[in-house]
Amino acid sequence: MFFPKPDIIEDAYIKNYEEVYKYSINNPEDFWSNIAKELLWFKPWKKTFQWQYPYARWFIDGETNIIYNCLDRWLKTDKKNKLALVWIGQNLEVKKYTYQKLNEEICRFANALKSLGIKKGDRVTIYLPKIPEQIISMLACAKIGAIHSVVYSGFSVEALKTRIEDAQAKIVITTNSYPYKDKIINSLEKTIEAIKQSSTIRNVIIVKRVNEKNNNLNLTNVKFYYWDELTIKQDIICSTEIMNANDPLFILYTSGTTGKPKGVVHGHGGYMVGVYATSKFVFDLKENDILFSTADPGWITGHSYMTYGPLLNGITTLIYESVPDYPHPGRWWEIIEKFKPTIFYTTPTAIRALMKYGEEIPSKYDLSSLKILGSVGEPINPSAWIWFYKNIGREKNPPIMDTWWQTETGMHILTPLPSAPLKPGSCFKPFFGIMADVVDEKGKSVGKNKEGYLILKTPWPSILLDLWQNPQKYKETYFEKIKNKTKKFIYFTGDSAKIDDDGYFWIIGRNDDVIKVSGHRLGSAEIESALIANQKVAEAAVIGKPHEIKGESIKAFIILKHGFKPSEELKKELNLNVRMLIGPIASIDEIEFVEKLPKTRSGKIMRRVLKAQELGLPVGDISTLED
Ligand code: PRX
């Protein structure tokens, strides 16, 4: 156990987790409505919570807008002159935005969107790298009630196209080209390719990240605009749309068990309250805090704890455009020394990758501004935890918040608080108001120190509202996996976990066919369909294998069609197919050509059998195996 230093407890909002937890579980609606009252509402809610299987709804009939709380409320105070966003480019160029300046940029862009006909409820796809305009566009959409769908800039043409089509987006915001390490990536070409056959996209807005000649912009039915030219003529005042608490704020696509990504929908009210509260208590946010999150808004952490959480709490968010070891492996530490963030939130993959370079590198920098560290996205192994604690935290020993949550939960669910005693590798216990358990498929608790399915037994405000255009899938994925005759709230997380004698949770990993590569969620089926798209492939099965740095790596088993022979060349070709159809994050580490794959009698590939065999583990129940 690692105990917090007395000054950390002294400073913390929550000094005794167990006491507050007990109160919150006995009075969850009071707990959450008291927090919601710290925020501004145009109209108060009539009912705090309602469960109508399979939907949990919060703050019924309440009216607000997340922007009303992220920006508008600060503009009436001295905070308007405080830094809201500090952006650091790859070459250490800096852009600073006070709350007032950020608001002006948001208003300008919101007015620009309106001038192009975007209104409440319309979907806007944001395909931008980590530049300020990525965040400005998200916030501008929210302000006018449009629904943003951020697509990670590393995704391929095909991935972008599917996301645009599924959301039926009217507009895409992209960049011409952008620097990525020593390369220049052309996003515009990819965007044009993705919207060529789109029936919904009418306009494209291009941010000029690098100075280059205007591209040849010629597409029937689509108009192209440059961000600067479009926004310069817009007013710096724009009214904030009044939104119902359960109106959608954004869609964020994430991988599941099928070949098609799912559009997770979050709303203005509940999401706002959950993210506000967890940012405040988990990172113990105070007036002068600066949060450096290394996430990208292409993923949920970049939404909740890089954009909305810090702004809802009126603090400064610090963003670095590039990767941890570019142009040198001390870059993050150099940024911490120079910009003095108090909270540093990153991933186990990044920590493991930086560990490889040795302790001397961070030791050269002054990291004394750090008060709290955070980890997210995948289980953190105790040795990485301790390295992080000792080499980044140093003698101040800032506690590490190992936060377990998901795109769907919107906010931290299992997480320590700064005053909690920590065990490296465990994500502590549930946040206030939430009950969690580890059960078997019948929903029965498995007891202490036994592995089972992680479920959540009580709802929290920022639970997803739905899956975009797919309520059936929503119900099946989260509420039908565990036997539940009485239709009470039992949310299936898709993770396996254990609870120890002290009630601490230990996450083992996914129990569905989701693979976590460097903390990014990829579906086996998604990768398989990219492989099968190759004419030479008859069948494909993909599994995740433990990997020292990335957490998991991808292995593919391939059956070739008659007449084709395995070769190293073909392996390269297949990998290229996957990179083109999904993106470089889905690169395959190993390919094995096989004659047969283990299948059920109904023809479903049993990936778990392949995985067990690959890892030398017991294969388990194979009674349904066809051969
Ligand atoms: O398996 C869990 C893992 O990430 C999954 C959610 O992935 P995603 O929706 O992409 O969100 C990632 C960022 C919140 C979970 O089902 N996961 C997330 N955080 C942790 C984790 N596994 C172990 N420890 C964590 N702290």
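The values are calculated or read from the model by the stated rules, or taken from the named source; none is laboratory data. Treat the numbers as computed from the prediction; the structure is a model and nothing was measured. Here the Cβ is made from the backbone with ideal geometry for all residues, glycine too, and neighbour counts use every protein chain on show.
Among the residues of the range 470-499, those identified as of a type in the set (D, E, K, R) and away from the ligand (no atom under 15 Å from the Cβ) are K473, K475, E476, E480, K483, K485, K487, K488.
Out of all the residues in the range 598-624, which are touching a helix residue (DSSP H, G or I) at 6+ places or on another chain (Cβ under 7 Å), part of a loop (DSSP other than H, G, I, E, B) and within 26 Å of E568 (Cα to Cα)? Write out each step before concluding.
Going through the range 598-624, the residues touching a helix residue (DSSP H, G or I) at 6+ places or on another chain (Cβ under 7 Å) turn out to be 598, 607, 618-620, 622.
This time we only want the ones that are part of a loop (DSSP other than H, G, I, E, B), so: 598, 618-620, 622.
Across the range 598-624, the qualifying residue is only P598.
I527 meets all of the listed conditions (1) among the β-branched types (V, I, T); (2) more than 15 Å from the ligand (Cβ to nearest atom); (3) more than 17 Å from Y253 (Cβ to Cβ) but one, namely (3).
The residue that is surrounded by the most Cβ atoms within 10 Å (Cβ to Cβ), among those in the range 406-423 that are more than 12 Å from the ligand (Cβ to nearest atom) and part of a loop (DSSP other than H, G, I, E, B), is L417.
Every condition in (1) within 16 Å of the ligand (Cβ to nearest atom); (2) within 26 Å of E334 (Cβ to Cβ) holds for G274 except the one numbered (2). Scanning the range 551-566 for residues that are farther than 19 Å from L610 by Cβ, basic (K, R) and touching a residue at least 24 places away in the same chain (Cβ under 8 Å) yields one hit, K561. Residue count for the range 194-214 under the criterion of being of a type in the set (G, A, S) and outside any loop (DSSP other than H, G, I, E, B): the result is 1. Every condition in (1) within 16 Å of the ligand (Cβ to nearest atom); (2) in contact with a Pro (Cβ under 8 Å, 6 or more places away or on another chain); (3) over 21 Å from P310 (Cα atoms) holds for D437 except the one numbered (2). Quick one: which of K481, K485, K516 is closer than 14 Å to K444 by Cα and either assigned by TED's automatic domain parsing to the domain that holds A586 or crowded, with 19+ Cβ neighbours inside 10 Å (or both)? Exactly one of K481, K485, K516 is closer than 14 Å to K444 by Cα and either assigned by TED's automatic domain parsing to the domain that holds A586 or crowded, with 19+ Cβ neighbours inside 10 Å (or both), namely K481.
Considering each residue of the range 181-201 in turn, at least one proves to be basic (K, R) and touching a residue at least 24 places away in the same chain (Cβ under 8 Å).
Residues satisfying the criterion are absent from the range 63-70 (criterion: of a type in the set (A, V, I, L, M, F, W, C), surrounded by fewer than 19 Cβ atoms within 10 Å (Cβ to Cβ) and not assigned by TED's automatic domain parsing to the domain that holds E104).
Counting just the residues of the range 459-482 that are of a type in the set (A, V, I, L, M, F, W, C) and over 18 Å from the mean Cα position of the chain (by Cα), which one comes out modelled with the highest pLDDT?
F479
In the range 111-136, of all residues being within 17 Å of the chain's Cα centre (by Cα) and under 19 Å from A167 (Cα atoms), the one that is surrounded by the most Cβ atoms within 10 Å (Cβ to Cβ) corresponds to L128.
Scanning the range 4-30 for residues that are of a type outside the set (D, E, K, R) and closer than 16 Å to V282 by Cα gives P4, I8, I9, A12, Y13, I14, N16, Y17, V20, Y21, S24.
M1 satisfies every condition listed in (1) at pLDDT below 95; (2) not assigned by TED's automatic domain parsing to the domain that holds G330 except (2). Any chance the range 239-252 includes a residue that's aromatic (F, W, Y) and more than 17 Å from the chain's Cα centre (by Cα)? No: zero hits. Exactly one residue out of P430, P421, P398 is closer than 14 Å to F283 by Cβ and of a type outside the set (A, V, I, L, M, F, W, C), and it is P398.
With the structure loaded, tell me whether K22 is in contact with a Phe, Trp or Tyr (Cβ under 8 Å, 6 or more places away or on another chain), of a type in the set (K, R) and assigned to a helix (DSSP H, G or I) or whether it fails that test. Answer is no for this residue. Between T301, T257, the distinction of being of a type in the set (S, T, Y), at pLDDT below 95 and either within 14 Å of the ligand (Cβ to nearest atom) or part of a strand (DSSP E or B) (or both) belongs to T257 only.
Which members of the range 383-405 meet the condition of being within 13 Å of the ligand (Cβ to nearest atom) and in contact with a Lys or Arg (Cβ under 8 Å, 6 or more places away or on another chain)? Across the range 383-405, the qualifying residue is only A384. Just one of the numbered conditions (1) on the phi > 0 side of the Ramachandran plot; (2) among the charged types (D, E, K, R); (3) within 13 Å of the ligand (Cβ to nearest atom) is not true of R521: (1). One residue stands out in the range 500-513 among those that are more than 12 Å from the ligand (Cβ to nearest atom) and surrounded by fewer than 18 Cβ atoms within 10 Å (Cβ to Cβ): the one that is nearest to I543 (Cα to Cα), namely D500.
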